Structures are given as structure tokens and as C-alpha cells.
Amino acid sequence: MTSNWSTTVDPSEAEGIEVGLRHYIDVLRRRRWILLSVAAIVVAAAALFSALQQSIYRAESKVVIGQGGGLPQPQFGNQFGPYVATMADLLKSTVVAEAVIRNLELEESPQSLLSRTKVSSNPETAVLNVSYDHDSQSVAREVNGELGLVFQQLVKARFGEGTPAQGGQTAVPPLTVTIFDPSHVLPRKVQPRPVRNVVLAGVLGLLLGLLAAFLRDYFDRGLRTREMVEQSYGVPVIGQIPFVKLGRRDRRVVFWEGFGDVAEAFRALRANLQYLGVKRPIRTILVTSAAPNQGKTTVTANLAVAIARSGATTIVIEGDLRRPRLNNAFEIGAQRPGLTSVLIGALDIDEAIVDIPLRSSRMPAAREREGRLSFLPSGPQPPNPSELLSSLQMSELLDRLALSYDYVLIDSPPVLPVADALALARLVDGVAIVVRRNHSTRDEAKELRALIERLGINLLGVVFTDVSSAGGYRSYGGYGDAAPEDDRTAREPEPVAHEEF
């Protein structure tokens, strides 16, 4: 008879286990310095404690409990065990300690002497193991030896006569104490034990380090990984923008050269947005964040350039009427008329729009694509930004621009501090949330997600900024890293992110 045993694992359960393992490994990777620091501190403390600890030596001796000068009689069988246990307790009595102190003229109390005395026995034998600890080898050996002698004398004086035979009962021989193994000092110190202490401290330090690392990660509300972002916002990450470090004085947001990981990341973000618009056209996109300093202005500017480079007509609207930054990104004067001027009817839309040249001076005109990039500045700062952005004029303006351009990108203020972004979110086809690694928190994500779900806003996904190259996009075999030497003057320049991330 043959029986087949098969074990099936639910794919969702297996995926959950894999995600959990990845999470734990990621926590250890990110918090490794906490783990190593705690372990190092505990080991160093143990080593210092061992170095400062007083040396303690141990003297031992073996005492045999017998009858009539010999071992227990066979007829008593296992009944002699209680006698041995009784002798062990009596050896650690005050009367024994007082006699030892008196004989050796020691300057300590009986309780102090007994606290350093240990007596152990094996129920299967009649042997008592006596030990005494002291910081002096000679004192330890002398006191341990005197303990055996004093106990031997006391037992002989009080139990040395035995019980004679009476009424047909067998006589009981007297109890005796024989010092079989005289007092001697062990070669190894009782303390300190530096090797043992350091090893135990290392194990304890690793356990405490693990506890500290996971507690730190549990109470850390920051969003550090793609998995954490997707879990917090409930939507996929549609773009990961690597961190780029620039010079201290370099404050540009959009660059017109560079072929590295960042350019590839924005091309991937562009492709993901275009893919999302296959079934349902997405023409107007709001780029915002939960809190300030997430990199939304940088994402908006570079994404607009990347889309325009693909051949699409693109317009960028500065929707942050409180702290406009795109003017600086495209090197447009801050006092230039713009969105607010159009909304109040002081200026026609065509007069407010600024065309941003895409072609580099190094690139031949024959290689230039058909895409076009336009920019609508913020204009003068109004006293009522939220009312302007939620007005009918703003809705009509977006409808008009959506007919004239393939893509309309809007850079808005953060969602949580002010209501401007929510006013715009109701007017666009989709919203992209910019989340900066190590700066955005799960609490912000929870609050923003609740707002989006309550208002029925179409959240396209999350753009995760300031990620490491390992978490973003790596060049492969030279692709996306640099143009060939003979083609660098002909290749189109790509956007590069600013250190604002």
C-alpha cells in the first residue's frame, strides 16, 4: 500500500512570510548600528567590570560521613541519605563558624564566614563537598581545612558513642567524619572570569541590541522602505527617485545634462503614468505631498521635462500660491504675472504662459523631438489662495489647458497644512503623492489617506524620493549611465533631481 503525503502552501501565506522576513532583515540592516552599539557597550562594560573585580580564590575539601570509623553499614540501605543531608546542614551551623573564628582568630562574624562557605552532597553517596571562598589563597585553604577539623571534632563529641543494642534491636554504630581530601586551593579563580563574562555579555548584548533595534523601529514613525510606503498609503509606488548630492551653492532644481540613475528614474515614472492612462485618460495631474520638504517641486519640474522629452506637449502650473518654487526652477522672475492674474481676469492665459526651451545648444536641431514644455507661473500672491484654486475659473482653465496640451502638471502646497491641494485635487484626473524617505511619517500617511478616501480623490500612486541607488534604479551594462563618447553631443539631455530630496 502506497500513501502519498503532499503539503500545499497557500501562495498568499508564503508571500506574507517572505514579506515578514524581508521586513525583519531590513530592520536589522537599517538598525545595525544600534544593534552593534548596544552589544559593544555591554561587552565593554563586562570587560571593565572583570578588570575591576576583586580576585576570589576557592579552597575545597571532601568529607566522608561514616559509621564506626567506616562507611555506612549495608543493612541501612538508602536510609543513610537523610543522615548525610543532616550533616551537610550542621556543617554550616553557627557553632561551627564560631569555633573556626575562635581557633584562627579571624576578625569577621559567623554570618560572614558562612556566606562564603558552600556544602553540597550527592544523595547516592556519603561524601560532603566543602568549599570556602576568599580573596587570599592561604586564608581560603586554612579556613576550609579548619571547617573540616572543627566539624569532625563536634560530630565525635556529640554523636561518637552510637546506640547500643536493646530489646533485640541491632546496635547502631557511632557516626564518624573522615577528612578524605584535605583542603586545597583550586587553580582557577572563582572571580573574575573575563572570558566567560565577555561571552555572556556578547550574547546578552546581541539580545538587548535586537530588542533596542526593533523597539526603535517600532516607535519610529518614518517611512523608510517601499513596502512601508505602499502599506501606509494603500497604493503602489509608481516612481523611486534616487538621492543626488550637489554642491553647497548649487540650488538648481532642473538640470539640462546628466544621464544617470535619476534620469532613468524619471523616465520610469513617466512610463508608469502613461501606463495608468491607457484605460482612462489622465491629462491633468496634481503633484503634492502630505507635509513640506518632500521634493514635490523637484518631481514636478523634472517629470514635466521627461514627459516633454517623450514628444508630448506639457504645461506646468505653479499651484503653490503661498510659496512658489517653480519660478526658480525654470529661472522665471518671481514678479511675473501668472495664474492669479488669469483667474481674476487681469490677463489672458496665452499672455501668462511661458515657453521653456528644451533643446540644448550642443544638440543638433535635427535630433530635437516634437515635444513642447510650457510654464504658467503663480503670479502675484493673493489673500485667498484656497478660494481662487477652488473657483469655477480654475476648473474652466484646466479644461481649456487639457484641450491644448497632452499633459497638465500642477505643483500644489502640501495637503495637511492648508486646504489648497484638496481644492485642486477635485479638479484633476489624478493625484500623485510625493513621499520623502526618512522624512515622511506613517501618521501623515494615515491622515492623508483618510482625507483622500473620504473625498473620493483618484490617487494614482506614490513617488518615493531620496532613496538609495540600491532601492531605485541602477545602470545596467552602461545603459542609463552615460552616453557613448561619439554620441554625447547628439543625445538629448535629461533632467536630474536636486538635493532638496
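The values are calculated or read from the model by the stated rules, or taken from the named source; none is laboratory data. Since the model is a prediction, treat every value here as computed from it, not as a measurement. No Cβ is skipped: glycine too gets one built from the backbone with ideal geometry, and neighbour counts run over all protein chains shown.
Observations
- Any hit, the range 80-103, residues being modelled with pLDDT under 95, part of a loop (DSSP other than H, G, I, E, B) and within 24 Å of ILE56 (Cα to Cα): yes
- The set of residues from the range 317-347 being touching a residue at least 24 places away in the same chain (Cβ under 8 Å) and acidic (Asp, Glu) comprises GLU318, ASP320.
- Filtered by the rule that a residue be touching a Ser or Thr at 6+ places or on another chain (Cβ under 9 Å) and of a type in the set (A, V, I, L, M), the range 82-95 gives VAL84, ALA85, MET87, ALA88, LEU91.
- Subset of the range 187-206 [assigned to a helix (DSSP H, G or I) and surrounded by 14 or more Cβ atoms within 10 Å (Cβ to Cβ)]: PRO194, ASN197, VAL198, LEU200, ALA201, GLY202, LEU204, GLY205, LEU206
- Count of the range 365-413 residues which are in a strand (DSSP E or B) and either at pLDDT 90 or above or of a type in the set (Phe, Trp, Tyr) (or both): 9
- Taken together, the residues in the range 342-353 that are surrounded by 14 or more Cβ atoms within 10 Å (Cβ to Cβ) and either among the acidic types (Asp, Glu) or in contact with a Pro (Cβ under 7 Å, 6 or more places away or on another chain) (or both) amount to 2.
- In the range 441-469, the qualifying residues are those that are within 21 Å of LEU303 (Cα to Cα) and small (Gly, Ala, Ser), and the one that is modelled with the lowest pLDDT is SER469.
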